[in-house]
1. Taking θ as phi - 60°, what are the ³J(HN,Hα) couplings along the range 27-36 by the Karplus curve (6.51, -1.76, 1.60), each to the nearest whole Hz, with x for Gly and Pro?
2. Quickly rank 106-112, 22-28, 49-55 as a protection proxy: mean count of other C-beta atoms within 10 Å, highest first.
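No lab work stands behind these numbers, since they all come straight from the coordinates. The structure displayed is predicted, hence computed values, not measured ones. Glycine gets a Cβ as well: all are built from the backbone with ideal geometry, and neighbour counts include every protein chain shown.
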Amino acid sequence: MIFVMLAYVATNVQGSLAMYGHLLRQLRESKGRSQADVARSVSISPAQLARLETSQRGLYLEDFIRIAEALGEKAGNLLPNDLGEIGHLKPLINRLAAVPPELLPRVSSIIEKLVLLTQEMTPTKRTGEK
């Protein structure tokens, strides 16, 4: 299950994630790690990792986070600073990526409730307002 917040980030960043395959490859090579080694550590095949690194396969946010962590980096640190209105979520991405899998359903439920609460609190524009 993916977090609501990560889904939001994925929706807003997904189009640009293709370029991150190349970034992950550079990072992997700078750490002296082989494709086979990194692929094994994130439970994918070396061929899948090769396709991700060369943008032959779409890079999903979950893949990006797992590979970044396998390379010893926080995923949020690899995202650009110019993410616009979601740039402030970078530290949150790092924290969410560290949540143990057995807690994901509970955390997801809490985040869904928070999102709903904040939507309810957001004032709506009255007719005629810009």
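1. 5, 4, 5, 5, 8, x, 9, 7, 4, 4
2. On the way: 106-112: 14.7, 22-28: 17.4, 49-55: 19.1.
Order by mean packing, descending: 49-55, 22-28, 106-112.
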